[in-house]
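Enquirer: Questions regarding the structure given below will be posed in turn.
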Amino acid sequence: ERLQTLTQSHHRRAMSSDAHAQDAPAATSLYPPRDKQTRKLWDSLCKFRKASARPASARTPTELALPAQSSYIRACIYSYAERLGLRATKMESGEGGRRQLGVLVTLPPPPPPAAGGARVAEAAGAKRKRDEAAPGPDAAPDASSAPVDGSGAAEQPAPAEAPPPPDADAAAQAPPPTEPRFDRRESSKELRRCASRSDAAGAARVFSRMEAAGAAPSDADCSLLLHLCGITTPPDVALAARVWEAARAAGTPLHEPSWSGMIRLMCAHGDVARAQALLTDMLQGSCADRVRLRSFSPLIAAAADRADAPLAASTCEQMRAAGLAPGDAEFIMLARLHARRADGDALGELLGWMATEVS
């Protein structure tokens, strides 16, 4: 009776173990991720797969090294990589005698080209060559196979008719090839790129295309072109004059940056009278309330270089009327001018102006 009881107990345990073994694969399924670590691992593999699917570039990842802290994590990596169509290989690393296992995930190799398609294409090419080499039904007979008469001379085939000449009238009436359409927006973008590279020659080419298309530069284009004309050595005054005249002739409303740039170019070229006229027109125009110190600075510098006291006085008077005052650099240039001319009255007036501005 004791032996029978032990046998029944052992049989029940065996049946319970078999049932647990049958349910184990479902309980220990690796997907979906069950904890924070495996969810993070799944997200990393999905991001790698998505980034690798983009067009190839220098930043496109080609492999992903993942550390495997345990056999469970390593099994998850292999399982998730297989689900995503990736390739996972074992990787070992370590320093100082410490061995660390990991998994290297890479993209699968591209599939080889289908051999059947290549053979079909090759057969089609050979058939096309045979068809081209074979004479058609309207082809002239071969002279070598023609019958020979009593004199021994072979019959010559009739000469093929020459193709008719092309119709000259139709060719003359054909419309001429159209030139690419001028794009003002793209030209403005190209001018900005030239300004960022300080490419005055490229900007000149862009403006030449604008002239050929009959398009006048906008205020922003004019300001950029005048700036690039001023950074060359010597300043490209001829191009600046073309830009200015094109904008003025088209009635483009020009703002302070364009006016100040043209005044600076005229002073650098030595045409002080033209610069004075531009400043007067600017102060009498629509941008008089937007005038800035940089509109007067080139004329003050020219007056100091030439020791031209009347030019300095008229410029300072216009500056006062506009509600502006010289900066430190302009005060120093004016003080040197009056000291060089030993004009104590003008120097005293300048010092009083400086004291008023400082206070």
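The values are calculated or read from the model by the stated rules, or taken from the named source; none is laboratory data. This structure is a prediction, so every number in the text was calculated from the model and none was measured. Cβ atoms come from the backbone with ideal geometry, glycine included; neighbour counts cover every protein chain shown.
Enquirer: Just checking, how many residues over segment 326-343 are in a loop (DSSP other than H, G, I, E, B) and either basic (Lys, Arg) or in contact with a Ser or Thr (Cβ under 9 Å, 6 or more places away or on another chain) (or both)?
Expert: Residues that pass the stated criteria total 3.
Enquirer: Regarding Arg340, is this residue of a type in the set (Lys, Arg) and either surrounded by 13 or more Cβ atoms within 10 Å (Cβ to Cβ) or touching a Phe, Trp or Tyr at 6+ places or on another chain (Cβ under 8 Å) (or both)? Can you show your working first?
Expert: Numbers: of a type in the set (Lys, Arg): yes; either surrounded by 13 or more Cβ atoms within 10 Å (Cβ to Cβ) or touching a Phe, Trp or Tyr at 6+ places or on another chain (Cβ under 8 Å) (or both): no.
No: the conditions fail for Arg340.
Residue-wise test of (1) without any contact (Cβ under 8 Å) to a residue 12 or more places away in the chain; (2) touching a Cys at 6+ places or on another chain (Cβ under 6 Å); (3) within 21 Å of Asp221 (Cα to Cα); (4) not small (Gly, Ala, Ser).
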site: Ala240; (1), (2), (3), (4): no, yes, yes, no
site: Pro257; (1), (2), (3), (4): no, no, yes, yes
site: Ala273; (1), (2), (3), (4): yes, no, no, no
site: Leu278; (1), (2), (3), (4): no, no, yes, yes
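Enquirer: Out of curiosity, is Ala56 part of a helix (DSSP H, G or I), under 19 Å from Pro108 (Cα atoms) and modelled with pLDDT under 85?
Expert: Against the criterion (part of a helix (DSSP H, G or I), under 19 Å from Pro108 (Cα atoms) and modelled with pLDDT under 85), Ala56 does not qualify.
Enquirer: Has segment 215-228 got at least one residue that is surrounded by fewer than 18 Cβ atoms within 10 Å (Cβ to Cβ) and in contact with a Phe, Trp or Tyr (Cβ under 9 Å, 6 or more places away or on another chain)?
Expert: Looking for residues that are surrounded by fewer than 18 Cβ atoms within 10 Å (Cβ to Cβ) and in contact with a Phe, Trp or Tyr (Cβ under 9 Å, 6 or more places away or on another chain), one finds at least one in segment 215-228, hence yes.
Enquirer: Now a separate question. Does Trp353 qualify as being surrounded by 16 or more Cβ atoms within 10 Å (Cβ to Cβ), of a type outside the set (A, V, I, L, M) and more than 25 Å from Asp236 (Cα to Cα)? Steps first, answer last, please.
Expert: On the way: surrounded by 16 or more Cβ atoms within 10 Å (Cβ to Cβ): yes; of a type outside the set (A, V, I, L, M): yes; more than 25 Å from Asp236 (Cα to Cα): yes.
It is true that Trp353 is surrounded by 16 or more Cβ atoms within 10 Å (Cβ to Cβ), of a type outside the set (A, V, I, L, M) and more than 25 Å from Asp236 (Cα to Cα).
Enquirer: Can you name the residue in segment 269-318 that is outside any helix (DSSP H, G or I) and of a type in the set (A, V, I, L, M, F, W, C) and, of all such residues, is surrounded by the fewest Cβ atoms within 10 Å (Cβ to Cβ)?
Expert: Ala307
Enquirer: For Ala203, state whether it is within 18 Å of Met262 (Cβ to Cβ) and modelled with pLDDT under 90. Please lay out each step first, then the result.
Expert: Numbers: within 18 Å of Met262 (Cβ to Cβ): yes; modelled with pLDDT under 90: no.
No, not satisfied.
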